[in-house]
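Okay, so here's the structure we're looking at.
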Amino acid sequence: MHTRTQVGIVGGGPAGLLLSHLLHLRGIESVLVEIRSRDYCEARQRAGVLEDGSVALLREAGLAERLDREGLVHGGIYLQFDGQRRHIDFRDLTGGRTVTVYAQTEVVKDLINRRLTDGGTLEFSVTGTEVDDLATDRPVLRYTDAKGSRHELTCDAIAGCDGFHGICRPAIPPGVQTTWERDYPYAWLGILASVPPSTEELIYAHHRNGFALHSLRSPAVSRLYLQVRPDEDIAAWPDDRIWAELSRRFELPGWTLQTGPVLEKGITPMRSFVSAPMRYGRLFLAGDAAHIVPPTGAKGLNLALADVAVLAPALDALLRGDDQPAADYSAACLDRVWRSTHFSWWMTTMLHRTPGADEMEAQLQLSQLRYVVSSRAAAASLAENYTGFAVPTTAALQPVPGMR
Ligand code: RFL
Ligand code: PHB
């Protein structure tokens with residue numbers, strides 16, 4: 001079936017969904033295709049922390065009704081190491097900035113709900129996604145819908161929002177992209193547990209056995225992570241072993257980790273990856289399709305949202321005949337991408353134990369941690385990076401003047 005749309009969007013994660021909404025606010029039509037089912041997308045456990053800039057963007061885009069009601073505003077984090085748990089006070093260190101704990105699953109549910117209410121076209125459970133003619137003004141998106149019909153969509157532009165394992169980045173001809181990549185020699189075992197959080201702020205713990213993180217989802221549900229080997233078999237981690245290891249890594253006199261039923265568990269590899277430029281012809285990459293950070297800095301979701309805040313006005317201008325913002329798109333995003341890439345690498349290497357590393361590494365990490373909690377300048381740098389830098393919210397929402 002041959003059809004036409006203005007923007008073809010590959011991927012129904014936060015980047016693709018928010019882009020289709022921002023384009024809709026500008027009167028631009030899109031078709032979004034997603035290989036997974038709606039249920040799968042809405043249940044996939046991932047990020048939990050939104051920067052202030054992400055919250056402002058979602059709010060101004062009219063997407064924050066439930067986020068404002070249910071999101072948990074956090075004014076800091078704890079760093080735990082060497083038998084001490086020290087608070088980093090974001091509000092004090094950054095002049096009032098905070099982060100909001102609101103799960104990516106909820107962001108995705110809100111976005112899907114809003115797109116469907118607004119009559120948007122979201123095609124779930126597609127197969128055989130292909131992008132073609134990317135160097136022309138009429139790139140093509142092909143897919144087979146859930147009922148088995150093959151579609152060919154002629155577009156003005158295609159947004160590759162299909163994550164790290166998607167098909168858009170590999171569709172760029174060889175030799176065009178420069179990529180930088182680092183795999184870390186560890187992974188995270190994450191659990192979602194039906195137990196009230198044992199802490200009011202997230203705890204990032206450095207421990208001889210490896211890193212641990214205590215996060216949360218709601219007053220009744222906790223999210224916790226343990227550093228494990230990259231090839232770790234989840235079957236080797238029955239629930240009582242997970243709780244015992246978490247209790248060991250968070251141990252502090254006078255404090256107890258509450259345990260409860262584990263609702264879900266999974267293992268996530270850790271990787272830093274940047275591929276540039278984020279544009280090839282009429283294909284624009286956004287979110288994890290273009291860059292991956294290890295989750296220690298809580299940046300991936302925020303980067304995905306920030307990319308499409310830049311991309312929406314750039315596509316609007318492109319469709320009106322002004323190529324300049326589209327030409328500037330990649331450079332406009334990459335500053336933030338590299339800052340987050342560095343911060344995520346820094347948090348990761350400060351807090352994780354490298355298998356086989358000598359005692360020197362541990363001493364250097366502990367020295368850095370002591371410095372962060374004792375120097376206002378060092379703490380302020382962590383706080384500034386963690387709470388994030390302003391997102392171009394106004395530009396994302398203001399219509400571009402002129403004829404389309
Ligand atoms: P997504 O969410 O991966 O969405 C891509 C979508 O594309 C679909 N897809 C295709 N669709 C059609 N055709 C194809 N050929 C396709 N191939 C793939 C996929 O099914 C999927 O639905 O990418 P997006 O939108 O760029 O969003 C990025 C974020 O999901 C990611 O960066 C964050 O989850 C990273 N992350 C965190 N980020 C934060 O900002 N704060 C955090 O606290 C945080 N914690 C985390 C995280 C990621 C984690 N994992 C599991 C990787 C914690 C973890 C454990
Ligand atoms: C989460 O709540 O899932 C979470 C929080 C902070 C991180 C990573 C993940 O750094």
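What follows draws every value from the coordinates through simple rules; no lab data is involved. Note that the structure is a prediction, hence the values are computed from the model and not measured. Every residue, glycine as well, gets a Cβ built from its backbone with ideal geometry; the counts of neighbours run over all protein chains shown.
Go through 173-186, 10-23 and give me the packing order, highest mean Cβ count within 10 Å leading.
Values: 173-186: 12.2, 10-23: 28.1.
Answer by packing, highest mean first, reads 10-23, 173-186.
Taking N as the number of residues in the range 240-321, what value does Rg over Cα atoms divided by 2.2 N^0.38 Å take?
1.73
Can you pull the Kirkwood radius for the range 331-404, inverse mean 1/r over Cα pairs, to one decimal in Å?
It works out to 15.3 Å.
How big, in percent, is the set of alpha carbon pairs in the range 282-403 lying more than 23 Å apart?
44
Take every Cα-Cα distance within the range 225-277, group them into 5 Å bins from 0 onward, and report for each bin the whole-number percent of pairs it holds.
In order of increasing distance, the bins hold 4, 15, 23, 19, 14, 10, 6, 4, 3, 1, 0 percent.
Relative to the compact-globule scaling 2.2 N^0.38 Å, provide the ratio for the alpha-carbon radius of gyration of the range 1-116.
Relative to the 2.2 N^0.38 Å estimate, the range 1-116 comes out at 1.31.
Can you give the log10 of the normalised intensity I(q)/I(0) at q = 0.13, 0.19, 0.31 Å⁻¹, computed with Debye over equal Cα scatterers of the range 133-181?
-0.39, -0.77, -1.25
Measure of size requested: the Rg and Dmax of the range 89-141, with Cα atoms as the atom set and Å as the unit; please supply both.
Looking at the range 89-141, its Cα Rg and Dmax stand at 19.4, 52 Å.
Return Y225, Y371, Y329 ranked ascending by Cβ neighbour count within 10 Å, so the fewest neighbours appear first.
Lowest count first: Y371, Y225, Y329.
Based on the Cα coordinates of the range 177-257, what is the per residue volume of their convex hull in Å³?
On the way: hull volume 11.1 nm³, N = 81.
Per-residue hull volume (Cα only) is 137 Å³.
What aspartates and glutamates sit close enough to K265 to cross-link, taking a C-alpha to C-alpha distance under 20 Å and skipping anything fewer than 8 places away on the same chain?
D39, E42, E106, D231, E232, D233, D239, D240, E245
Per 10 Å bin, what percent of the C-alpha pairs of the range 10-49 does each bin hold, from zero upward?
Computed distribution, short to long bins: 27, 49, 23, 1.
Using all Cα-Cα distances in the range 94-230, what percent lands in each 5 angstrom bin from 0 up to the longest?
2, 7, 10, 13, 13, 13, 13, 12, 10, 6, 2, 0
Per the Kirkwood definition applied to all pairs of different Cα atoms, how many angstroms is the hydrodynamic radius of the range 71-173?
18.0
Run the Debye formula on the Cα coordinates of the chain, all scatterers equal and no solvent, and tell me log10 I(q)/I(0) at q = 0.08 1/Å.
For the requested q values the scattering log ratios are -0.43.
For the range 143-291, what is the Kirkwood estimate of the hydrodynamic radius, computed as the reciprocal of the mean inverse distance between distinct Cα atoms, to one decimal in Å?
When all Cα pairs of the range 143-291 are included, the Kirkwood radius is 18.5 Å.
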